[in-house]
Amino acid sequence: MKQNKNRNQQSKFNIYAIGHAHIDPVWQWNLREGYLEVFSTFRSALDRLKEFPSVCFVAGSAQFYEWIAENAPNLFKEIKRRVREGRWILVGGWWVECDVNCPCGESLVRQGLYAQKYFLKHFNKTAKVGFSPDTFGHAWTLPQILKKQGMKAYFYMRPEVHEKKDTPAPIFRWVGPDDSCVIAVSILESYCATDKNIEQRMHQYIDRFSKTLPGLKTAAIFYGVGNHGGGPTIAAIRKIEEMRDSNSAEIHFDSPENYIAAIRPYANRLPIVRDELQHHARGCYSACAAVKMWDLRSSSALMQAEKIASLASRLTDYTYPMSSLREAWKKILFNQFHDILAGTSIEEAYDDAMNDYGFALSTAQDVSMKAMHALTRLIDTEGSSFVAFNPCSWQVDTFIEFETERPNPDPDPATPATLRNSGADHLPEDKLTLYDSENGVVPFQVLPTAAAKQENQPHRIRMLFKAQIPALGYQTYRLGYSEKQEPSAFKVAWAMEQVLENDLVRIEFDRKSGAISSYFDKKRKCNLFAQPGAVPIVLDDWDDTWGHRIRAYDREIGRFTNASFKIIERGPDRARLQVSTQWGNSSIVQAFSLYRDSAELACSLTIDWHEPYRVLKISFPTMYTKGVCTYSIPYGFIQRPMNGDEEPGQRWVDVSETSAASAFGFSVINASKCGYSVKDGDIRLTVFHSTAWSHHHPEVVGEEDHCRYMEQGIHEFSYLLIPHAGNWRTAHIPQRAESYVFQPLVFHAGRHHGKLGKKGSLISTTLKNISITAIKKAEDNDDLILRCVELLGKRARGIIEFAPLKRVLPIEIKPCEIKTFRVPSNPDDEAKEVNLLEENL
């Protein structure tokens, strides 16, 4: 009889019941309400743990714990005691349960760095499992990031089985592009079961496991009240206690860590998924355009500021502002919460978000200015007017706009004697000369000054010039006067009515629609567009804010037309043509720029939008209808079919086509949008969609509801079109996109000698397929942290050189790998590789 009883127990499912309270600090309520809900939920959870000694409770989001510690220290002490007991479980390992489609890769790294460091400091332990039950899709690069943050398992719920039908089982080995692997656990149906449905949920798990993992009879169910907080209820706990005698399962209270430990012996038999976990709520890639722009702009600004501050603190007496930068990052990380950054919160929430992002941007600007001022004191600026700094880890050759005071010719020893004491305060532009660090003449184009009426600003000049700046380095320039300039032999760009042209391409615009009717490659003698391009298209936005039922925004309603044209600049360095079009109650101004030596076309847009429940896309129908489509994702890339579905993407999307004789492609780069669709070579950038704020299906919104609609009003953003030979790898599109986001910074410089010389690279690498994405001070001492990301999917070996420090760092990197080094402040100590928490491997 005893043997039969043991066999019967072994045949039963083992159900881990895990207490949980999903807390949205912001969603259909503002932060002030959500802030209070965190305190109430944590108080309630502690009460349940006291009343039921076997119950466990999980909670992530280090931001919540910081709030508690700051404002309720006694409550925080209770939590710490329960953590020590092993009944309050730290999960997630991130600052908040963030969106993982729109934030840049470094933001996801910082989510874990600051959260896990906080947990380690206050609880003497870190989270061991990733936990994003309500996030709307998961980038393919996450397994590597999670694993290097100390988490070897990942719990998620969206996409659900009906949204990703090729999910082989509710538990699988999720393998990233670099071959990093974590155990992924799909939460079925809901992350918060209640006493009313937990028994039904248990049977759903049993059924799903029996069909997909017949050898594994262990499942985890999360129960409690969620969204607006709440946590485990007495009724739910008592229901679980009643279910312990179930004939079909053994159910007990436990933790996610113990659950993963129980299934780990089975891990080698779990199916493997080598893919992203998408798609849920495709409207979230474009909802609330402003918050996505703020996030990408502020995170990029902080990364840039950290690089400059790190170099300045290592080379000068400048003090690295660790606290200021950390607090700025926390503002960004909080607003990456999935319902904020995804654009699904109420309108009021974005007033708070704007303030937080503004704080981060202000901090970054302040740090960059002060740190660069410290660096310029080391640079030989004798005779120079300004310094251009390149934050990228490769040399850039790019055009820069810069405005400054016109120099007075008399004090400049380089001014010809015939021009001195001329009686004029400032001489004409044809006498003004721009010199680089080697006294070479740099051609420039004069632009209108920032202040209105240039003719009334005789002491100011704004220039456009081509700069060549070393990797993570600088170049000095000076303005002077020359008696006679030889004409410069360089290519030119020019603008005519409805035409932009240089020696490489001729771009013609349709007189009526304003679309690009021909993007003609002179060398290949072909039109790069299969149909009119750069077309603003209006589509039906028939679903809710999330786009819950959307697969593709493809119901076209109309296209902007009634074009008018204005030539803004006629060259020679840059030609600009402004195209204004209209549709309905809205207007768009696209200012197209063509430079003298490039086939690339840049565009700055100003949109005045007044169309509820409409989607706006910009269409670029390339000639590569049979090509391969690749999207950038956080710290990586992914290939997807060209089927017209709405997809998440980051800085660039590329379509490349290879034949037996040749290979060519076309890329679209932008710095603020996250939604795209591509079908038969037509790359469409989703500008925004404009439902009512936080409209959730199945609710129906009508005029009688007097709702306010998203995206109404003026928007500005920019994009860059890059036709190229070869595929995106040979064209180095990831580097080009990074250079577009991290453009050179230009600073005025006092005139003095310096040990660094007039031009130089501070950090460089021999590897052409990596980016040095982050340079920061270590969290625990004065060491430098340097992070590299492999961009092209190629293994490589080389060196990183810190020229002023006379230090060389060997590096070997795998395809798609994120690699982090700790560079000691003591020059005699060896640099070591560390994980994403800055810990030794």
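ARG201 meets the conditions (1) crowded, with 22+ Cβ neighbours inside 10 Å; (2) within 38 Å of the chain's Cα centre (by Cα); (3) part of a helix (DSSP H, G or I) in every case but one. The failed one is (1). Does region 475-494 contain at least one residue that is open to solvent by less than 40 Å² (accessible area, probe 1.4 Å), of a type in the set (A, V, I, L, M, F, W, C), assigned to a strand (DSSP E or B) and at pLDDT 95 or above? Among the residues of region 475-494, not one is open to solvent by less than 40 Å² (accessible area, probe 1.4 Å), of a type in the set (A, V, I, L, M, F, W, C), assigned to a strand (DSSP E or B) and at pLDDT 95 or above, which makes the answer no.
Among the residues of region 581-592, count how many are part of a strand (DSSP E or B) and free of Cβ contacts under 8 Å to residues at least 60 places away in the same chain.
Number satisfying all stated conditions: 7.
Of the listed requirements (1) open to solvent by 10 Å² or more (accessible area, probe 1.4 Å); (2) within 19 Å of PHE52 (Cα to Cα), LEU188 misses just one: (2).
Hey, does region 811-834 have a residue that's open to solvent by 40 Å² or more (accessible area, probe 1.4 Å), among the hydroxyl-bearing types (Ser, Thr, Tyr) and in contact (Cβ under 8 Å) with a residue 24 or more places away in the chain? Checked against the condition, which is being open to solvent by 40 Å² or more (accessible area, probe 1.4 Å), among the hydroxyl-bearing types (Ser, Thr, Tyr) and in contact (Cβ under 8 Å) with a residue 24 or more places away in the chain, region 811-834 yields at least one hit. Among the residues of region 304-333, which ones are touching a helix residue (DSSP H, G or I) at 6+ places or on another chain (Cβ under 8 Å), crowded, with 24+ Cβ neighbours inside 10 Å and in contact (Cβ under 8 Å) with a residue 60 or more places away in the chain? The answer is ALA305, GLU306, ILE308, ALA309, LEU311, ALA312, TRP329, ILE332, LEU333. None of GLY105, GLY130, GLY112 is closer than 19 Å to LEU270 by Cβ and small (Gly, Ala, Ser) except GLY130.
If we keep just the residues of region 150-165 that are open to solvent by 10 Å² or more (accessible area, probe 1.4 Å) and in contact (Cβ under 8 Å) with a residue 12 or more places away in the chain, which is farthest from PRO133 (Cα to Cα)?
The first filter runs over region 150-165 and keeps only residues open to solvent by 10 Å² or more (accessible area, probe 1.4 Å), leaving 150, 152, 158, 160-165.
With the extra rule that they be in contact (Cβ under 8 Å) with a residue 12 or more places away in the chain, the set shrinks to 150, 152, 158, 160-161, 163-164.
Values: GLY150: 19, LYS152: 16, ARG158: 7, GLU160: 11, VAL161: 14, GLU163: 15, LYS164: 15 Å.
Looking at residues that are open to solvent by 10 Å² or more (accessible area, probe 1.4 Å) and in contact (Cβ under 8 Å) with a residue 12 or more places away in the chain, I get GLY150.
Listed by first and then second residue, the pairs with beta-carbon distance under 8 Å, at least 6 apart or on different chains, first residue in region 762-778 and open to solvent by 10 Å² or more (accessible area, probe 1.4 Å), second of a type in the set (S, T, N, Q), are SER764/SER393; THR765/SER393; LYS777/SER310; LYS777/SER313. The sole residue among ILE722, ILE733 that is among the β-branched types (Val, Ile, Thr), out of contact with any Lys or Arg (no Cβ under 8 Å at 6 or more places or on another chain) and open to solvent by less than 20 Å² (accessible area, probe 1.4 Å) is ILE733. Across region 35-66, which residue is surrounded by the most Cβ atoms within 10 Å (Cβ to Cβ) among those that are farther than 22 Å from LYS128 by Cα and without any contact (Cβ under 8 Å) to a residue 40 or more places away in the chain? The selected residue is PHE39. Note on region 169-185: residues that are under 25 Å from the mean Cα position of the chain (by Cα), small (Gly, Ala, Ser) and open to solvent by less than 10 Å² (accessible area, probe 1.4 Å) amount to 2. Taking region 536-549 as the range and being open to solvent by 10 Å² or more (accessible area, probe 1.4 Å) and either in contact with an Asp or Glu (Cβ under 9 Å, 6 or more places away or on another chain) or assigned to a strand (DSSP E or B) (or both) as the test, the residues that pass are ASP540, ARG549. The residue that is farthest from VAL58 (Cα to Cα), among those in region 233-250 that are surrounded by 15 or more Cβ atoms within 10 Å (Cβ to Cβ) and touching an Asp or Glu at 6+ places or on another chain (Cβ under 9 Å), is SER246.
Residue-level check: of (1) farther than 30 Å from ALA692 by Cα; (2) open to solvent by 60 Å² or more (accessible area, probe 1.4 Å), PHE529 misses just (2). Only residues that are closer than 30 Å to PRO143 by Cα, touching a Gly at 6+ places or on another chain (Cβ under 8 Å) and open to solvent by less than 10 Å² (accessible area, probe 1.4 Å) were counted across region 601-646, and they come to 4. Here ARG524 does not fit the description of being assigned to a loop (DSSP other than H, G, I, E, B), open to solvent by 50 Å² or more (accessible area, probe 1.4 Å) and either in contact with a Lys or Arg (Cβ under 8 Å, 6 or more places away or on another chain) or free of Cβ contacts under 8 Å to residues at least 60 places away in the same chain (or both).
For region 268-303, the tally of residues that are crowded, with 23+ Cβ neighbours inside 10 Å and charged (D, E, K, R) stands at 4. It is to be established whether one or more residues within region 218-232 are part of a helix (DSSP H, G or I) and open to solvent by 10 Å² or more (accessible area, probe 1.4 Å). Looking through region 218-232, none of the residues is part of a helix (DSSP H, G or I) and open to solvent by 10 Å² or more (accessible area, probe 1.4 Å).
The C-beta contact set for region 654-678 (first residue more than 19 Å from PRO634 (Cα to Cα), second residue polar (S, T, N, Q) and surrounded by fewer than 23 Cβ atoms within 10 Å (Cβ to Cβ), distance under 6 angstrom, 6+ apart or interchain) comprises SER656/ASN727; ALA663/ASN727; GLY665/ASN727. Inspect region 100-114 for any residue being in contact with a strand residue (DSSP E or B) (Cβ under 8 Å, 6 or more places away or on another chain) and part of a loop (DSSP other than H, G, I, E, B) and give the result as yes or no. So far as region 100-114 goes, yes, one or more of its residues are in contact with a strand residue (DSSP E or B) (Cβ under 8 Å, 6 or more places away or on another chain) and part of a loop (DSSP other than H, G, I, E, B).
The values are calculated or read from the model by the stated rules, or taken from the named source; none is laboratory data. None of these values were measured; they are calculated from a predicted model. Glycine also receives a Cβ, built like all others from the backbone with ideal geometry; neighbour counts cover every protein chain displayed. Surface accessibility is based on the protein's heavy atoms, side chains included, excluding ligands, DNA and RNA. Shrake-Rupley method; radii C 1.70, N 1.55, O 1.52, S 1.80 Å.
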